[in-house]
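Shown next, in structure tokens, is the structure this report addresses.
The values are calculated or read from the model by the stated rules, or taken from the named source; none is laboratory data. On a predicted model such as this, the values are computed, not experimentally measured, just so you know. Neighbour counts are summed over all protein chains in view; Cβ atoms, including those assigned to glycine, are modelled from backbone coordinates with ideal geometry.
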Amino acid sequence: MIRHFIDLWDITVEEGWLVLDDSLRIKEGAPQEKILEGKYFALIFTKPSTRTRVSFEISIRKLGGEVMFLQENNLQLVRGEDLKDTARTLSRYLDGVVIRTDSHEKLKEFAGYSSIPVINALTDMSHPCQVLSDVFTLYERFGEGIKDLKIAYVGDGNNLCNTWLVAAGLFGLKLFVSTPEGYEPSSYYYQAGEDLCKITGGSIYLTPNPVEAVKDADVVYTDVWVSMNQDRDEEKLQALKNYQVNSELLKHAKDTVLVMHCLPAKKGEEITEDVFERFVDFIFTQAENRVYAQMGLLKLLFTQQ
Ligand code: CP
Ligand code: NVA
């Protein structure tokens, strides 16, 4: 069976916890079988990347696979070759593709014609590998206690925010989301998260009031206000002004609060420099953990084939 990983709901609740456990074992140094030996992967990215590209190359190689990096502008796609023909061609050569693209719809179209697993490395709508890894970063510290944490996402209702809604559902988390009016997350992802919450006991609470979201929070998460390929929209930046993660806002959180950021950060915008530096170790542990969480995910997707 081909296992695509387009959104977090492509794995089951049970598989989600298995990946967290396995990622922890991998990070702790458990010997790993080279389960991707003899398998060939391509990373196809139409947007810049530091963490996702490097961590995926390492995750694949550590499991014995071969990987090549392709940019859309070097493929015939740029001259108008169909996405479906590209998917059908690459399926004849490769064993898996990891794609970063502007359009979630295009990613789904590609997956529809691909006979090999397609992994979402960020679209305009979601970034499941990042959030899976972020949940792993919390799991590494709190174990199953992650279900008892109050997690606040504050800022733009973007691809990261959408993915957190699904993560709350999948892992049964208590998520508070605070975004300004007009910049809320997608109602589709909200509904998917809510549906999963009914099974796992998670909860999602949306509020335009960042203080309410951050009050007594254990974790505060933020992301850039201007995502890749978006214009700097002054009206949006103005609307987000009160959603900055700064020391004033954090006074409302627990003393033990942890701040998370998927990076890259725009310091002085969604997060202040002092707050960023205060939580720098945890933030770069998030970045580091991409390798382990993706290894756990790859093992899940490629050992069941
Ligand atoms: N967080 C993340 O996906 O970073 P990159 O854009 O550097 O890959
Ligand atoms: N929301 C950001 C995330 C970057 C990892 C973007 O899409 O640019």
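Tally the residues that are part of a helix (DSSP H, G or I) and farther than 30 Å from Lys299 by Cβ, restricting the search to the stretch 78-95. If you could, list the steps in order and put the result at the bottom.
Going through the stretch 78-95, the residues part of a helix (DSSP H, G or I) turn out to be 78-79, 83-93.
Add one more test, that the residue is farther than 30 Å from Lys299 by Cβ, and what stays is 78-79, 85.
Qualifying residue count for the region: 3.
Yes/no matrix, rows are residues, columns are (1) part of a helix (DSSP H, G or I); (2) more than 14 Å from Leu250 (Cα to Cα); (3) among the β-branched types (Val, Ile, Thr):
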| site | (1), (2), (3) |
| --- | --- |
| Ile151 | no, no, yes |
| Asp156 | no, yes, no |
| Cys161 | yes, yes, no |
| Leu170 | yes, yes, no |
| Tyr183 | no, yes, no |
| Tyr188 | yes, yes, no |
| Ala213 | yes, no, no |
Q. Is the stretch 109-126 home to any residue that is within 16 Å of ligand 1 (Cβ to nearest atom), assigned to a helix (DSSP H, G or I) and surrounded by fewer than 24 Cβ atoms within 10 Å (Cβ to Cβ)?
A. no
(Q) Yes or no: the stretch 12-35 includes at least one residue that is crowded, with 17+ Cβ neighbours inside 10 Å and assigned to a loop (DSSP other than H, G, I, E, B). (A) no
Q. Just to be sure, is Glu57 in contact (Cβ under 8 Å) with a residue 24 or more places away in the chain, out of contact with any helix residue (DSSP H, G or I) (no Cβ under 9 Å at 6 or more places or on another chain) and away from ligand 2 (no atom under 16 Å from the Cβ)?
A. no
Q.
Given (1) modelled with pLDDT under 95; (2) within 15 Å of ligand 1 (Cβ to nearest atom); (3) hydrophobic (A, V, I, L, M, F, W, C), identify the lone condition not met by Met1.
A. (2)
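Among residues belonging to the stretch 99-108 that are part of a helix (DSSP H, G or I) and of a type in the set (Lys, Arg), point out the one that is nearest to Gln71 (Cα to Cα). I'd like the intermediate steps shown before the answer.
If we filter the stretch 99-108 for residues that are part of a helix (DSSP H, G or I), which is where we start, we get 104-108.
Now narrow it down to the ones that are of a type in the set (Lys, Arg): 106, 108.
Details: Lys106: 15, Lys108: 18 Å.
Per the criteria, the residue is Lys106.
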Q | Cross-chain or 6+ apart pairs with Cβ under 6 Å, the stretch 95-106 first and more than 15 Å from Asn229 (Cβ to Cβ), then modelled with pLDDT of 95 or more and of a type in the set (Ser, Thr, Tyr) | A | Asp95/Tyr40
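Report whether or not Ala121 is closer than 28 Å to Leu237 by Cβ and more than 16 Å from ligand 2 (Cβ to nearest atom). It would help to see each step written out before you state the result.
Values: closer than 28 Å to Leu237 by Cβ: yes; more than 16 Å from ligand 2 (Cβ to nearest atom): no.
When the stated conditions are applied, Ala121 does not pass them.
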